[in-house]
Every structure is written in C-alpha cells, then in structure tokens.
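Student: Before I ask anything, let me first share the structure, which is written out below as structure tokens.
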Amino acid sequence: MRSALSVLPLAALALGSGAAFAQSADNQIIVSGTPIEESGRALAACIEQGCPPEEDIALTLAHAENQFIAGDYKDGEATLSRSLSRNRQHKASVPVPLSDLYRASGRFAVHLGEARDFKHATLDMRDVLKDAFGDDDRRVLIADTEVGDSRAMLGFPNGARRIYEDVEKRALELGYPRVASFARLRQALLSQAEWDVREHNPALLEKYEAALARLIHEPLENSADFVMVAEVMKARLNRKLDRPGATDALIERFVAMGGTDTPVLLFNEPLDSVSEGGFPVDRRFGFIQSNTLDRLTTPQLNKPRFIDVGFWVRPDGTTDEAEVLRAQGPEGWHGAVLDSISSRRYAPLDIDRTSPGFFQVERYTLTSRFADETTGTRIRRREPGFRIERLDLTPENTKDLITTQS
C-alpha cells in the first residue's frame with residue numbers, strides 16, 4: 001500500500017496511514033498501525049543490513065508517516081532526506097517508489113512552509129518517472145498534473161493552466177481519457193479559485209461555468225466519476241450564488257442512486273477568519289499578505305502547530321461530533337476549523353442506516369512559508385501570511401480518482 005504522504009491530496013486523499021485512527025460505535029478512539037518506535041527500529045535495521053532500495057523506501061515512508069502524525073515534521077523531513085541520499089542512485093531500478101519518496105518530501109515541505117523545497121521535490125518526482133518511462137507514459141502525465149498543482153499552490157495560475165491544457169491534449173492523443181478528464185477537472189478547479197478571489201467578475205464566472213459544463217455535458221470515456229465531481233462543484237457554485245435548491249437537488253439524485261459507498265463532500269462553509277498572534281487568516285485564501293514591518297515582526301512558526309480533528313459522517317450525509325483529538329500549539333484557531341467541518345454536507349451513504357457512518361480524521365497545520373527575500377534583514381524569515389494546510393489521515397475511506405484506470 002502506498003503511503004498517504006505520497007499522494008497529493010487535491011482530488012482524492014490518503015490511500016493509507018501508518019498509524020491510522022478509527023473509532024468504534026461506542027465512540028472509543030482506536031489508534032492502529034505500527035508504533036513510531038517500532039517503525040524507527042525497522043528502518044534502522046534495514047539500513048544497517050543494507051536492504052534493497054525498495055524495502056528501504058517502503059520502511060522510510062512508513063516511519064516518516066508516523067513522524068508526521070506525531071507532529072515531528074522536521075524529523076520526518078530528515079528521515080526522507082537521508083533516504084533520498086541513499087536511494088536516488090537507484091532511480092533506474094525503483095523509479096515508482098523513488099517518486100513516492102519525492103512526493104512525500106514535497107508534502108512535508110508544504111506543512112513546513114518550505115515552498116522552494118516543495119517545488120523542487122515535485123519536479124524531481126516527475127523527472128524520475130519521465131526518465132524511466134518516457135514522456136508518453138500515463139504515470140508521467142499524471143505527475144505533470146501534480147507539477148501543475150504545485151504551480152497553482154505557489155501562486156502561478158497561468159503556468160498551471162498551461163500544464164493542465166498540455167496534459168489534456170497529450171492524454172487525448174495517447175488514448176488516456178481518464179487522465180484527460182483529470183486535467184479538465186484541474187482546469188475547472190483553477191477557474192473556481194480565480195473566481196473565488198474576484199467573485200464580482202462576470203467573465204471569470206462565465207469561464208468557471210463553461211469549464212464545469214464541459215465536464216458534465218461532454219464527458220470522456222470511462223469518466224463518470226469526474227462528471228459527479230463536476231456536478232458537486234456546480235451545486236456548490238449554485239448555492240454560493242443563492243440559486244435555490246442546488247444542494248437539495250443533488251442530494252435527491254444521490255438518494256435515488258442508492259447513496260455512495262464513500263464520503264462525497266457536497267458543501268461546506270469556508271473557514272472563517274482566524275488569527276494567530278494578531279495576524280488574520282483570510283477565509284478565501286487561507287492567508288493574508290501584509291507590509292514590511294509585519295514581515296519583520298511575524299511570529300516564526302518553526303514549531304509545528306497542528307490539530308487532528310475527528311468527526312462522523314452519518315448515513316444521511318450530515319457531520320456529527322467534530323472534536324479535536326490532538327493538538328500542538330495555541331488553540332485560538334481551532335474553533336474556525338470545527339465550525340467549518342460541522343457545516344459540511346456529504347452525499348447520503350449506501351450503508352446500513354443503523355450504522356454510525358464513517359469516522360474521518362483530518363490533520364490541519366497552521367504554517368507560514370519562508371520568504372525568498374525579506375526586506376530589512378538577512379535573517380531567513382517567514383512570510384506574514386498564515387496558511388492552514390489539510391491532510392486526510394483516514395484510512396480506506398476515500399478513492400483515488402486517477403490511478404485506478406487509464
């Protein structure tokens with residue numbers, strides 16, 4: 001099983017978790033998986049014995065994942081870095097595991113605010129696969145979309161769109177309809193983000209609705225699940241525009257279908273503005289920019305500040321009993337996260353109505369990126385804008401939209 005940290009959580013999150021959470025019907029929290037001390041010993045023994053690269057990488061990912069869940073972000077980053085030093089020379093023999101290692105390194109970098117490291121890790125992940133399989137391999141095209149994701153996350157939407165458009169074109173030429181649909185979905189998500197920033201721009205709204213219409217009304221072969229995602233996005237947009245009945249109509253469709261076998265989010269309120277040390281986090285962006293003085297006085301988040309939130313998705317699609325299972329750092333921003341989760345509405349579930357539903361666990365990290373240049377000082381400092389990064393820690397409750405088929 002691939003590590004949850006090796007999967008970029010934008011469309012589907014977390015295929016598995018080394019130290020996974022679960023909850024029984026009587027609300028007892030259970031932590032399963034390999035303890036961090038044991039995963040550390042297993043990795044150390046592997047290194048000492050000179051085990052094969054694939055085994056080394058698998059044990060590295062398992063231990064780094066445990067370190068992430070424990071909140072040991074810097075130690076986890078170091079674990080991955082040392083493994084890359086040991087194993088990058090074996091890229092010809094283990095390209096896929098090595099790409100997973102780079103992908104996990106990028107995920108740590110995001111939560112540590114290391115934007116430059118995230119960019120390089122994502123490019124290295126793609127290049128390992130490209131060197132092994134060539135430009136036309138499906139895995140390389142998917143990796144290219146992840147490069148596009150990184151450009152979007154780092155504030156370069158035009159570059160991201162060019163990448164998505166190129167992936168769509170090449171995927172259609174090579175006969176990978178699901179990859180092409182994936183790239184189309186990314187373009188729609190990018191249009192959504194652009195419109196969210198400037199909601200009163202009719203041209204951006206028209207562009208976003210056209211992208212959704214293309215996914216819904218011009219579906220490619222074997223891409224029914226992408227149509228469903230686009231319909232969910234359309235319902236969220238209609239709700240935001242106060243178009244009546246949008247979410248209810250979609251819920252009725254899911255009920256008529258018999259429900260879904262995994263949680264499908266239909267609606268949630270965005271995070272309300274929260275603050276850390278007096279600095280607000282904007283509900284649209286997850287951060288807010290400021291001036292030079294703020295750059296010099298921003299609290300430096302060099303110790304991870306995170307919460308793990310557990311909640312139930314009930315059979316009717318509502319959420320229940322959202323609570324902080326574990327926390328590190330100040331608590332002032334926790335309430336906004338809990339309120340956002342409590343507002344969610346999922347599609348009705350195709351499960352026994354006497355079942356409590358699915359128990360979900362999500363990690364939220366309050367972080368701030370390191371600035372490439374900081375006016376007024378040579379000391380490396382973080383940007384004044386705080387960000388909230390999310391990662392799903394729930395095992396087996398979500399599906400990967402893209403890696404299952406062409």
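Read-outs: derived from the displayed coordinates by stated rules, not from any lab. All of these numbers come straight from a predicted model, not from anything done at the bench. Ideal geometry is used to build each Cβ from the backbone, glycine not excepted, and the neighbour counts take in all protein chains shown.
Student: Exposure proxy check: M153, M257 ranked by fewest other beta carbons within 10 Å? Mind showing how you got there, number by number?
Tutor: Numbers: M153 20, M257 12.
Fewest-to-most ranking of M153, M257: M257, M153.
Student: Separate question: On each of the three principal axes of the Cα atoms of the stretch 68-177, give max minus min coordinate, whole Å, ordered largest first.
Tutor: 43, 34, 20
Student: Separate question: Given the Cα-Cα distance of L123 and E252 and 0.36 nm per residue of separation, how much length would full extension add, in nm? Intermediate values should be presented prior to the final figure.
Tutor: On the way: separation 129, 0.36 × 129 = 46.44 nm, distance 4.25 nm.
Taking L123 through E252 to full extension adds about 42.2 nm, to one decimal.
Student: May I ask you to list the lysines whose Cα is less than 20 Å away from that of K119, ignoring any residue fewer than eight positions away on the same chain?
Tutor: Cα-Cα hits under 20 Å: K74, K91, K130.
Student: Which peptide among 105-116, 37-48, 78-89 comes first, and what is the full order, when sorted by highest mean count of other Cβ atoms within 10 Å?
Tutor: Details: 105-116: 22.5, 37-48: 15.2, 78-89: 17.1.
Packing order, densest peptide first, comes out as 105-116, 78-89, 37-48.
Student: Taking the beta-carbon count within 10 Å as an exposure proxy, list E55, E331 from fewest neighbours to most.
Tutor: E331, E55
Student: May I pose another question? Relative to the present Cα-Cα distance, how much length would full extension add between K303 and V324 at 0.36 nm per residue of separation? Walk me through the intermediate numbers first.
Tutor: Working: separation 21, 0.36 × 21 = 7.56 nm, distance 1.89 nm.
Contour length minus Cα-Cα distance gives 5.7 nm.
Student: Using only Cα atoms, what Kirkwood radius does the stretch 134-243 have, in angstroms?
Tutor: 14.2
Student: Related question: Which lysines, if any, have their Cα less than 22 Å from the Cα of K207, not counting same-chain residues under 8 positions apart?
Tutor: K169, K234, K240
Student: Would you pull out the residues with amide H under 5 Å of L266's amide H, same chain only if 5 or more places away, H placed 1.01 Å from N?
Tutor: Residues meeting the criterion, in which the H sits 1.01 Å from N, are R345, Y346, A347.
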